[in-house]
């Protein structure tokens, strides 16, 4: 009975870097994606910022984290911290 069962989720998971942890229980995560230009076929780096819920305030600036989609938690927060991939040095 002690087996862990993987649950299939339709929620999106993004990986990014924490760029701000000034708000209480909130982090701002910058997610970088590569998008192919439709005409020139060159890959372009796109960046977007997401506000995520960090209930334990355990993230710092520079940490690499994974965030998962959730219900709206405030006016701008629609993501939650899933796990810290790598702590900043």
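Taken together, the values in this text are just the output of simple stated rules run on the coordinates, not laboratory data. For clarity, every value in this text was computed on a predicted model and none was experimentally measured. Note: ideal-geometry Cβ built from the backbone for every residue, glycine included; neighbour counts use all protein chains shown.
Annotations for the structure displayed:
- On the principal axes of its alpha carbon atoms, the chain extends 52, 37, 32 Å, with the longest extent given first.
- Estimated FRET transfer efficiency (residue 73, residue 36; beta-carbon r; R0 35 Å; 0.05): 0.60
- Counting neighbouring Cβ atoms within 10 Å and putting the fewest first, the residues 26, 10 line up as 10, 26.
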